[in-house]
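See below for the structure under consideration.
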Amino acid sequence: MSELEDLWKSQPVAEGPDPQAVRKDAEGFAKKIWRRNLLEWAAAALVFFFFARSAIREGELLVRIGSGVTALAAVYIAWHLYRFGRLKPAADLDTQSYAWAHLESLRSQARLLRRAPLWYVGPLAVGMGLTMLGRMPVEGGDWLVWGLSTGFVALFCAFVAAINLRGGRKLAAEAEAFEASLEPDSGG
Amino acid sequence: MKPARRKALFEDILRSHGPALQRLCAGYERVEARREELHQEILANLWQALPGFREQASLRTWMYRVAHNVATRHASKESRQPKGEAPSPTLDDASPSAAAQLERGQALQRLRVLISELKPLDRQIILLHLEEVPQSEVAEITGLSTANVSTRVHRIKGRLAKGMKR
């Protein structure tokens, strides 16, 4: 054994963890992910049913169109997340293939977040905007309540867009740093 | 995969390769708390991935692939954080054996720093080499050819030896 191997293997290691505790933690984490996904789907379903109901029952045409657009936006967002949001390379790929797949996954997540104003906030904002326009008070109506509600919706959309853009920038920076650490031609 | 088989394989990994996995974490993380976090993450991922183990490769090869892939992902995420420094070993006892121990501790820390500064692929190769994994198996884990692994081992060892002498 060489000096380096000897030195490396001489380092003290802690007593191994209890396998049962590790299994419990791992399964707890998997359940947490499952619950988060379920919550996302439930939220999309709730938005869809609420606005679809308004689209059918409301009297004002603009409100009906706005509600319909919002309901469709909820379905589109859920599909988009399902289609592009869960790219994760298989954990047991050889490490070179994994590294490139991980880079692609980082880039794809960054793209998804940076484009959130288009596929996420945009469709919802259009639907909500049309709904708010349809609910604009007629003469003598309560402009203050309408103005505050509209302002709140606009601010909320801007906030969601901003946090997604920020997350996208961070992931893009991580992808760039990771790519710099990879070697372009390390195949054979 | 039957639950009993999954459980047996997992226990086999912990029993036969537990210390190697801890050393692998030391090659990726300098800060003890983050190292422990990485260790937990690797074990949890191994447990989750076990049903996909098709026994086409040896359990060790499969385990090292998963462990290094999780560590690579961890290192990529941690690159957004400032790099931490491990505390330097100190001398509490003036005896010759304590001095030798301190010297060994410092050398080990230097080696860890040098390894953590390597590019991911070189780091994987040297960590596997230090665990005495045969080069043909390193090739299978990394996806490189055996000849490429051999050349790289020689080059990295030279670089580490030079770094240790500084």
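Derivation of every value follows stated rules applied to the coordinates shown; laboratory data play no part. Source: prediction; values computed, not measured. Neighbour counts run over all protein chains shown; Cβ positions are idealised from the backbone, glycine included.
Miscellaneous remarks
- Counting every C-alpha pair in segment A:72-135, the share spaced more than 18 angstrom apart comes to 50%.
- Within a Gaussian network of chain B (alpha carbon springs, distance under 10 Å), most fluctuating of B:His129, B:His68, B:His39: B:His129
- Using only side-chain charges placed at the Cβ, +1 for Lys and Arg and -1 for Asp and Glu, the dipole size of segment A:42-188 relative to its Cα centre rounds to 420 debye.
- If you wrap the Cα atoms of segment A:1-95 in a convex hull and average its projected area over all directions, you get 10.8 nm².
- Per DSSP, loop GluC sites (Glu not before Pro) in segment B:116-166 with at most 13 further Cβ within 10 Å: B:Glu117, B:Glu132
- Pairwise FRET efficiency - A:Leu118 versus A:Leu148, Cβ, R0 = 22 Å, nearest 0.05: 0.20
- Local charge for B:Glu11 was computed over the other residues whose Cβ lies under 12 Å away, with Lys and Arg +1 and Asp and Glu -1, and equals +3.
- Amide N of segment A:89-133 lying under 13 Å from the label point, which is placed 7 angstrom from the Cα of B:Gln48 along Cα→Cβ: A:89-92
- For segment B:3-81, the set of trypsin sites (Lys or Arg not before Pro) satisfying both a DSSP loop assignment and a count of at most 11 other C-beta atoms within 10 Å is given as B:Arg54, B:Arg80.
- Legend: residue pairs A:Lys32/B:Lys119; A:Lys9/B:Lys119; A:Lys88/B:Lys157, Cα-Cα distance threshold 31 Å; pairs beyond threshold, A:Lys32/B:Lys119; A:Lys88/B:Lys157.
- A quarter of the convex hull surface defined by the alpha-carbon atoms of the protein assembly as shown gives 24.0 nm² as the mean projection.
- Dimensionless Rg ratio for segment A:52-188, taking C-alpha atoms and the 2.2 N^0.38 Å reference: 1.47
- In loop segments of segment A:14-108 as defined by DSSP, the trypsin sites (Lys or Arg not before Pro) with at most 11 further C-beta atoms inside 10 Å of their C-beta are A:Arg86.
- In this calculation the C-beta distance from B:Lys157 to B:Val113 is compared with R0 = 22 Å, giving a FRET efficiency of 0.85.
- Converting phi to 3J(HN,Hα) with the Karplus coefficients 6.51, -1.76 and 1.60 and the offset θ = phi - 60°, segment B:155-161 yields 5, 5, 4, x, 5, 5, 4 Hz in sequence order, with x at every glycine or proline.
- In Hz, Karplus ³J(HN,Hα) per residue of segment A:149-166 (6.51, -1.76, 1.60; θ = phi - 60°; x = Gly, Pro): 4, 5, x, 4, 4, 5, 5, 4, 4, 5, 5, 4, 4, 5, 5, 5, 5, 5
- Across chain A, C-alpha contacts under 8 Å between residues 6 or more apart give a mean separation that, scaled by the residue count, equals a relative contact order of 22 percent.
- Across all directions, the average flat footprint of the convex hull enclosing the Cα atoms of chain B is 11.2 nm².
- Estimated inter-spin distance, B:Ser16 and A:Lys31, nm [label 7 Å along Cα→Cβ]: 3.1 nm
- Extension gain, A:Glu183 back to A:Ala162 (0.36 nm per residue minus Cα-Cα distance, nm): 4.2 nm
- Separation in nanometres of the label points that stand 7 Å from Cα toward Cβ, at B:Leu59 and B:Ser150: 3.1 nm
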